[in-house]
1. Over 29 Å apart: what share of the alpha carbon pairs of the stretch 244-401 falls there, rounded to a whole percent?
2. Among the trypsin sites (Lys or Arg not before Pro) in the stretch 236-308, which ones are in a DSSP loop with at most 12 other Cβ atoms within 10 Å of the Cβ? Mind listing them?
3. So what does log10 I(q)/I(0) come out to for the stretch 486-534 at q = 0.13, 0.15, 0.19, 0.24 Å⁻¹, using the Debye formula with one equal point on every Cα and no solvent?
4. Can you list which of the trypsin sites (Lys or Arg not before Pro) found in the stretch 394-432 are DSSP loop residues with at most 12 other C-beta atoms within 10 Å?
5. About its Cα centre, how strong a charge dipole does the stretch 478-629 have in debye, to the nearest 20, once Lys and Arg get +1 and Asp and Glu get -1 at the Cβ?
6. Taking +1 at the Cβ of each Lys and Arg and -1 at the Cβ of each Asp and Glu, which of Ala606, Met588, Met549 sits farthest along the dipole of the chain towards its positive end, judged by Cα position relative to the Cα centre?
7. Which order do peptides 221-234, 202-215 fall in by mean Cβ count within 10 Å, highest first?
8. Just the C-alpha atoms of the stretch 379-479: what Rg/Rh do they give, with Rh taken as the Kirkwood radius?
Amino acid sequence: MEKQQFKAESQRLLDLMINSIYTHREIFLREIISNASDAIDKLAYTALTDDKVGISRDQFAITITRDEENRTLTVSDNGIGMSKADMEENLGTIAKSGSLGFKQAMEKNEDIDIIGQFGVGFYSAFMVASSITVISKKYGEDKAWKWVSDGADGYTIEETEKDAPGTDVIMTLKEDTEEEKYSEFLEEYQIRELIRKYSDYIRYPIRMEVSKSRKKEDSPEDKPEYEDYMEMETLNSMVPIWQRAKKDVTDEEYETFYRDKFFDYNKPLRVIHSSAEGSVSFKALLYIPSKAPYDFYTKDYKRGLQLYSSGVMIMENCEDLLPEHFRFVRGIVDSQDLSLNISREMLQHNRQVTIIARNIEKKIKSELKAMLENDREKYEEFYAAFGRQLKYGTVSDYGAHKEACQDLLLFYSHKQEKLVSLKEYVDSMPEGQEKIYYAPGENKSLLGKLPQVETLSKKGYDCLLFTEDVDEFIPQTLMTYMEKSFCNVSTDDLGIQTEEEKKEAEEKAEEMKGFLTFVKESLGDQVKEVKLSQNLGSHPVCMTPEAGMSFEMEKYMKRANPEFAFPVGRILELNPEHEAVKTLQRVMTEDPVLAKDYAQLLCCQAQLMADLPLEDPYAYTELVCRLMK
């Protein structure tokens, strides 16, 4: 027996791999099990053409053996095994992969599916092991070999005894320290958890002796006694639910899987089970939840889909697979085509991931649109939980994703008294209406009483009531929808006056110029301008913002960034046909002092109607009391 050095120049590279490339120690078990699965794949493939293999598919298995006394953890398989040359090539050369060579040799066979395409997964075991012994016998050969290394000073290979083909990887765990508890990887519950998390869908059974308890045979019924015993148990489920045909999976199975996998005890609203073939082949099982998690709208929430490669979990939350506007979706993507880097934790070919992500985005949008059109009650339940996220998605990144989101948005219709989509709004517009009208505010009831909304209603026009902060950014992002422009009823020209009406309004304003000047001087800096309006319906006044920013935007800016917030100029609009305004005009010539009080009263009323705070509520109260006398 002669000690040999690793062929890759060795200590520095090995230290880098086991301490830097892998970020979680626990993945060592995933890597060793994946290698065992590869080895069984090779022998199973050989058995297709070689009847001397003498083992049926249901006899293949991976076995885990714990020895707490000697601090060893052994992973055994009855796969193809390794010769001395294989050991030197695959275990003696860092980043040399037998799986990759095998896959290349069989690349024309579509049924071949090898997990470990990079040879460094094995070395991750040195993160937890002080030494590793590999005993292996290759199918078709008489000799077995033992490979031993502590990961630092090279390795030894010597002949040994082994009855059947296959490989045993025996890992002697490091001693525990205050910072690191390596013995946890010998505990039954920890191994169960790691297999459930990373290797649940390996296609071969992963078996381990586990502790059980049973009633002693001679134990009395009234005072039963129990004894512990060990029993071999299969720890993995083997067949992923997403690998089965949709027709073979029941609704109950979908719901159970969702509950167990994502710890959500509410039924999902929709299940998307899809399979794609082409430049990148993958299977996806996606869920649209019915309720938002408590932390969904916080920075702590982690979006992304679980990423698998041939049943082995690679990433818990792969953000690249799921766009931000659909971050509420939970699920799994499994692809044998994804090339992974040496640790299987970083994707090497983003182009492939982009193709999968684009396909998934289309699937999600299609499912949501179908729900909107065919199951409105469920869609509105979904929208109550995640509608705000769709709105954020519409306006984020300067509207880059608006095409994916705009058809899914709902807003409250003043005319129909229910939520409607933008398409439904436009489809129901009467002849002659050219704009999509909206009123931003905090309270639907108050918005419905705005003078401008009343005016629109009289013409048979609908108005969308925007009650969330993000709503007002949506028209600015979309600009138009189905060739219809958006109109903020509080700031924009409603565009409903005829040329004749506009001319009459101009003549009226000129006629009442002195009156408007008197009101402006009476109010001073409280308002930027006083003007007449033909859009106030039965109301005497209203307060509108100066062009550029609405009152709701002003409030939002004060909340979001008080230091840089600034007040919007107020414009007092008067209805020249209202009795209150006519009274003020008459009193102006009879009692200018009283007229100033009337002007102040109308200004305060306009502020209250616009849901704006009064600068001095006490002065307003005194004003009302004074006028009542």
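The values are calculated or read from the model by the stated rules, or taken from the named source; none is laboratory data. These numbers come from a predicted model, not from an experiment. Note: ideal-geometry Cβ built from the backbone for every residue, glycine included; neighbour counts use all protein chains shown. Accessible surface areas use protein heavy atoms only, side chains included; no ligands, DNA or RNA. Shrake-Rupley method; radii C 1.70, N 1.55, O 1.52, S 1.80 Å.
1. Result for the distance tail: 16 percent.
2. Here the sparse-neighbourhood loop sites are Lys299, Lys302.
3. Each listed q maps to, in turn, -0.40, -0.53, -0.77, -0.95.
4. Here no trypsin sites (Lys or Arg not before Pro) fit, given the DSSP loop and packing criteria.
5. So the dipole magnitude of the stretch 478-629 works out to roughly 420 debye.
6. In the chain, that residue is Met588.
7. Top of the packing list down: 202-215, 221-234.
8. 0.95
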